[in-house]
Amino acid sequence: MSKNKNKNLKQKLNNVTEEIVLEKLDDFLKREEFADVCKDDKCLLDMATYALNRLPAKYVTSSKGEAFSKTEELEQQHSADVISVVIKAIKVVSENDNNYDK
């Protein structure tokens, strides 16, 4: 496959987990308990990366697939997993100065 073909295909892939994690981060960081947490781009990217490396990717290629995957987000266990990992990501990044060995 050519580089252009690979690039074109890659642009059509969408990891719904990324969107869900970013939405949850935004929701949680608005809470009073996280008022003093760093919210600059580096911290946000570190939090998102921490969470995404601990959650399964859910790739879709169409709006129909995206709608199906987002519906799956509402399943109790998946939602609980995402919430737990996102909260841990916020705490780890804010407490450990990028030392994620905990």
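If amide hydrogens are placed 1.01 Å from N in the peptide plane, which non-local residues have theirs closer than 5 Å to the one on Asn14?
Amide H to amide H, under 5 Å and 5 or more residues apart or across chains, Asn14 pairs with Val60.
With a Förster radius of 41 Å, plug the Cβ-Cβ distance of Lys3 and Glu32 into 1/(1 + (r/R0)^6) and report the FRET value to the nearest 0.05. Walk me through the numbers before you get to the answer.
Details: r = 48 Å, r/R0 = 1.18.
Once the sixth-power term is evaluated, E becomes 0.25.
Computed from the coordinates by the stated procedures, all read-outs in this text should not be read as laboratory data. No experiment lies behind these values; they were computed from the predicted model shown. Here Cβ is always computed from backbone atoms with ideal geometry, including for glycine, and neighbour counts include all displayed protein chains.
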